[in-house]
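One structure is given below, encoded as structure tokens.
The values are calculated or read from the model by the stated rules, or taken from the named source; none is laboratory data. Because the structure is a prediction, the values reported are computed rather than measured. As a convention, Cβ positions derive from the backbone with ideal geometry for all residues, glycine included, and neighbour counts pool all protein chains shown. To get the accessible areas, we keep the full protein, side chains included, count just its heavy atoms, and leave off ligands, DNA and RNA. Shrake-Rupley method; radii C 1.70, N 1.55, O 1.52, S 1.80 Å.
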Amino acid sequence: MKNAIDREIPDEVKGRKLRPFQGNDGYLPEDRFIPATRMRAHSSSFVRQKKKVLSSLKEALVKVGLKDGMTLSFHHHFRGGDNLMNHAFEIIQKMGVKDLTVNASSVQPVHSPLIPLMESKVITNIEGGANGAPGEAISRGKLDGLLTVRSHGGRARAIDSGDSHIDIAIIGAPTADFMGNLNGTNGRYACGPLGYAWPDARMADNVIAVTNELVSFPNYPVSIPMTLVDWVVHTDVPIGDPKGIVSGTTRITKDPMRLKIASTVIDVLDSAGIIKEGLTFQSGAGGISLASSYFLMEEMLKKKIKGSWAMGGSTAALVDMLDRGLFDYLLDVQAFDVTAVNSLRNNPRHIEIGASCYASPFNAACAVNLLDTIVLGATEVDLNFNANTVTESDGRILHGIGGHQDTSSGAELSILAFPLIRGRVSVVVDNVTTVVTPGESIDVVVTERGVAVNPSSKHFDEITNNKRLNIKSMEELKNEALKLTGPRKPIRFKDNIVGVIENRDGTVLDVIYELAD
Amino acid sequence: MDIIQTVKAGTLESGDILITISPHDSELIIELETPVESLYGEKIKQEILDFLSSLEITKGVIKAIDKGALEYTVLARMETAINRACLEEFE
């Protein structure tokens, strides 16, 4: 069946029924419903005698009854410095368990040791997203089942609603107390918020926290509370590598082309009337997003404008804006650098939030819906403004979605900003390889060779009337790039579907096929 | 024109291409390494080949390490490399 953006979606793949995308807000569950969650009742003497604390993850996995076919969840707050998922699967492989589903807020290149476990069918399905080598392995058919790619908000929705049931949540905690209060702001593996793991802690049948630093009760501040944590594994096996967890300082790009694109973004925001008192703003950690944040800061200082709040992934740039009083609050689900981690620890106006509160479409309110603007990137964008962030132009799965779908559908003005040509490949194409964010969510595309505004954007007139902007159509941008790059060879796929791209509401935007070459 | 010495032109910066040319007695060998192999590999090889045949060069080893160069960059680096490799021809 064709979905609302004209992509062919099969009714069923590998035993799973798919619901085609019906447009943003096209699908809502029929009524409010109550998903099943497991009650936990540990006796008072049990807890008082510190029996919640175990010395190895293996012991915990035996206690919770790990068996074939279960779903295990992980968070990616340690990013490139995560050791926990690899450590867990070293143990699991030795236990001889098979056919597991990994539900991770992100699988990273550091998790490449999982690739052989896909081939030996210890891991048969992955939910969340896959970056780098593990993603490429899935493109080459190494995963027996499916990769279900979800945005951060979509993942929270799937877990909260019971669509994605978690048997065992394994939560890396920089610090924990013996009762199970966890936080990510202290300790040598401090990573900032633990927000992506909040839905997992609330909904999983069994919650195992793993820490290298057991602190005295109560572990304050509390990110994930003891009421939700069944077991605390206190181990010497390092759960993370501080070098990979947070980068030192995120420096602003020196590339003149990216700086030009970032300053054009500010021009676009200005002409759409976004830079005003009470502004709300989110920016990513990518070069252009970061530079846009700095230029926005200059513009706000020049105009003597104060925003109301900003949202992370937090970086030194956003913290700087908070400290200068340009925003009253910084809402944060994930920290990217040391400055951001320190700010969360020390500044009461820097507030940790969970993934559902950040971006889930099916709850009573989520923060992305209040954003005035968001600056994002993409690997490809097509003439209908559909954006791809998951596959590269050569068809390989190399990235996740992050908050792309959530923020762009929630924000008043969504901007995609990127160099038109990356490594000889044009970002603007006739049809994206994989639709990840539907064009209806995108207002403006900013490149160094011109700005294209979505005709369906309510800011179309304001922006196209700005004579300082080099306004072009997507068709013009595409042709300009094509003249420089020359035509590319079409990619060939096999019939085997390896991945499903869910919209944040759980409907299917697109499917990904196994690569033929 | 004949390739008489081993030379280099270009860099490994993003958007550039590093061309190394050396003499060969009998054959024309082109080796290309590029991150866009599946999309543009054949086209880049063809651009190099066309440039060489326009100068009637039929022998030599061309090693190209591409970092996403556009056609005009490929041709500019080839021109410089060939000028250097065939230097005596121009004296």
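Details
- For B:LEU49 and A:GLU12, the FRET efficiency from 1/(1 + (r/R0)^6), where r spans their Cβ atoms and R0 equals 45 Å, is about 0.40.
- Cα-based shape type of chain A, given that a ≥ b ≥ c are square roots of the gyration tensor eigenvalues and the cut on a/c is 1.5: oblate
- Each Lys and Arg Cβ is given +1 and each Asp and Glu Cβ -1; about its Cα centre, the protein assembly as shown then shows a dipole of about 1960 debye.
- P(r) histogram, all alpha-carbon pairs of region A:146-185 included - 5 Å bins from 0, percent: 6, 18, 17, 20, 19, 14, 6, 1
- Span-rule helices in chain A, defined as complete DSSP H runs reaching 18 Å or more along the axis (Cα) with Kyte mean at least 0.5: A:256-271
- Reducing region A:441-494 and region A:131-206 to their Cα centroids gives an inter-centroid distance of 36 Å.
- Cα pair distances exceeding 24 angstrom across region A:1-150, given as percent: 48 percent
- For region A:52-245, the solvent-accessible area with a 1.4 angstrom probe is 31 square angstrom per residue.
- Restricting attention to region A:256-495, lysine pairs at least eight places apart or on different chains and with alpha-carbon atoms under 21 angstrom apart total 16.
- Value of Rg to Rh for region A:256-495 (Rh from inverse mean 1/r over Cα pairs, i.e. Kirkwood): 0.97
- Within the accessible area of chain B (1.4 Å probe), percent carbon and sulfur: 47 percent
- Cβ-placed point charges (K, R +1; D, E -1), dipole of region A:52-245 about Cα centre in debye, nearest 20: 180 debye
- Residue range of chain A that is longest and free of GluC sites (Glu not before Pro) which are both DSSP loop and sparsely packed (at most 14 other C-beta within 10 Å): A:31-276
- Accessible surface buried upon B-A contact (total; probe 1.4 Å; Å², nearest 100): 1200 Å²
- Going from the isolated chain to the complete set of protein chains, region A:421-435 loses at least 30 Å² of heavy-atom accessible area (1.4 Å probe) at A:GLY423, A:ARG424, A:VAL425.
- Cross-link partners of A:LYS58 among lysines, defined as those whose alpha carbon lies under 24 angstrom from its own and excluding same-chain residues fewer than eight positions apart: A:LYS50, A:LYS67, A:LYS94, A:LYS98, A:LYS121.
- Estimated D of region A:171-312 in µm² per second, where Rh is the Kirkwood radius over Cα pairs and Stokes-Einstein applies at 25 °C, 0.890 mPa s: 138 µm²/s
- Test item: Cα-centred dipole of region A:368-517, Lys/Arg +1 and Asp/Glu -1 on Cβ, debye: 640 debye
- Cα centroid of region A:17-77 to Cα centroid of region B:19-85, whole Å: 56 Å
- Between the Cα long axis of helix B:71-85 and the first principal axis of chain B there is an angle of about 30°, rounded to the nearest 10.
- Dipole of the protein assembly as shown computed with +1 at Lys/Arg Cβ and -1 at Asp/Glu Cβ about the Cα centre; of A:VAL432, A:VAL149, B:THR6, farthest Cα towards the positive end is A:VAL149.
- Under conditions of 4 °C and 1.567 mPa s, chain B yields 101 µm² s⁻¹ as its translational diffusion coefficient, taking Rh as the Kirkwood radius over Cα pairs in the Stokes-Einstein equation.
- Mean residue ellipticity (222 nm) of the protein assembly as shown, computed from DSSP H runs ≥ 4 via -39,500 (n - 2.57), nearest 500: -8000 deg cm²/dmol
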